Structure formats: structure tokens, C-alpha cells
Amino acid sequence: MTWFIFALLSAVFAALTSILAKVGIEGVDSNLATAIRTVVVVAMAWGMVFITNAQSGMTDISKKSWLFLILSGLATGASWLCYYKALQMGDASKVVPIDKLSVVITLILAFVFLHEEFTAKSLIGCILIGVGTLIMVV
């Protein structure tokens, strides 16, 4: 159940991120804003590594894990750059729902590449998220 609490907190902080970013990005180049945000995230992440004394585990990371963590970081960077540009150009109330289509895309990719189960419930949820996003944006 702890995962649920962290997932819920993630959603709350993601919502705050969108609102705070929309206000903060006014008059600022979206790439510069993303870079500033990224520096703060990097500082927080490394701070947590040292607070929890997790830095000793770096030598145990496999080459495969390094590769996929780096690829994930590149995908995150691309996502943030696109998100901030969209947020700067559009309304947060429209950009954020489209961004959350990542849930649907993740479920599909998890099914295709990770061979995770795709149930009728997952399909209905994807359809509802897709329809809900369309309703919110149109």
C-alpha cells in the first residue's frame, strides 16, 4: 500500500509542477525554464542519494541498467522540453490532459515490450482516459 501513497503524492506534485511552471515560465524561454527546473531536480535527487547513503550502490549497477537509465533520462529530458514548450504556448488546462495520455501510451508499451497483462479493465480505462482527454481539450 505504500506504493499507492507515493503514487498519489506523485500526482499531487505533478499537478503543482504544472501550475507553478505555467506561472514561472511567463516571459522565459521554455528551454531555459526546463534547464533551470532540471538543475533543481538533479540537486534534489543527489541530495536524497546522499541522505539515504545510496551512493555506494553505483558500482553495482549493470551495463544494461546503465543503458536503460540513460535512455530513460533522455526520454525524460525530451518529455520535459516538449511539455514546457506546450505549456508556454497553450493553456495548462489543455496541455496537462494531453500530457497525461502518457498513461495510455505506457499501458500499450508495457503490453508490447514488457509483456504485461492487458485486461478488459485496462482497455476500458484507456478508452475512458482517451475520451476524457478529448472532451477536456475540445
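The values are calculated or read from the model by the stated rules, or taken from the named source; none is laboratory data. The structure displayed is predicted, hence computed values, not measured ones. Note that each Cβ is placed from the backbone with ideal geometry, even for glycine, and that neighbours are counted across all protein chains shown.
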query: So which residues in region 1-27 are more than 18 Å from residue 100 (Cα to Cα), free of Cβ contacts under 8 Å to residues at least 24 places away in the same chain and surrounded by 10 or more Cβ atoms within 10 Å (Cβ to Cβ), if there are any at all?
result: 24
- request: Test residue 77 against the criterion of being within 25 Å of residue 12 (Cβ to Cβ), touching a residue at least 12 places away in the same chain (Cβ under 8 Å), of a type outside the set (A, V, I, L, M, F, W, C) and assigned by TED's automatic domain parsing to the domain that holds residue 19, and give yes or no.
  value: yes
- request: Go through the residues of region 57-69 one by one and say whether even a single one is within 15 Å of the chain's Cα centre (by Cα) and either closer than 23 Å to residue 7 by Cα or not basic (Lys, Arg) (or both).
  value: yes
task: For residue 55, state whether it is surrounded by 10 or more Cβ atoms within 10 Å (Cβ to Cβ) and either closer than 23 Å to residue 31 by Cβ or touching a residue at least 60 places away in the same chain (Cβ under 8 Å) (or both).
output: no
Per-region count, region 27-66, residues more than 23 Å from residue 78 (Cβ to Cβ) and not in a helix (DSSP H, G or I): 5
